[in-house]
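> Starting off with a structure, shown below.
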C-alpha cells in the first residue's frame with residue numbers, strides 16, 4: 001500500500017467516531033473533535049477495514065488516495 005494513503009477531510013468530519021472504533025491504530029479525534037490520521041504506515045492487511053471505514057463514514061470525510 002505504499003502508493004495509497006488515507007485522508008480525512010476535516011471540514012466534513014463531525015467526529016462520529018466510527019472510524020476510530022474500526023481502526024484506533026489509524027484514527028483518533030483531535031482537540032477540535034474531528035478525526036485525524038495518526039498512522040501513515042499502513043499495510044495491505046488494513047485495506048478492507050479502511051474501505052469499510054470510508055464507506056461507513058456518515059459525513060463521507062474519509063478517502064483513500066493514490067499517491068502519484
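The values are calculated or read from the model by the stated rules, or taken from the named source; none is laboratory data. What you see is a predicted model; the values in this text were computed from it and never measured. No Cβ is skipped: glycine too gets one built from the backbone with ideal geometry, and neighbour counts run over all protein chains shown.
> Among the numbered conditions (1) on the phi > 0 side of the Ramachandran plot; (2) exposed (fewer than 13 other Cβ atoms within 10 Å of the Cβ), tell me where residue 41 comes up short.
Failing condition for residue 41: (1).
> Filter the range 48-59 down to the residues that are under 11 Å from the mean Cα position of the chain (by Cα) and closer than 16 Å to residue 5 by Cα, then identify the one that is surrounded by the most Cβ atoms within 10 Å (Cβ to Cβ).
Out of the qualifying residues, it is 53.
> Follow-up question, since we're still on this one. Taking into account only those residues within the range 1-36 that are at pLDDT 90 or above and within 16 Å of residue 66 (Cβ to Cβ), which is surrounded by the most Cβ atoms within 10 Å (Cβ to Cβ)?
6
> Show the residue pairs meeting these rules: Cβ distance below 6 Å; 6+ apart or different chains; first residue within the range 46-68 and closer than 15 Å to residue 13 by Cβ; second residue part of a loop (DSSP other than H, G, I, E, B) and at pLDDT below 85.
Correct list of pairs: empty, since none qualify.
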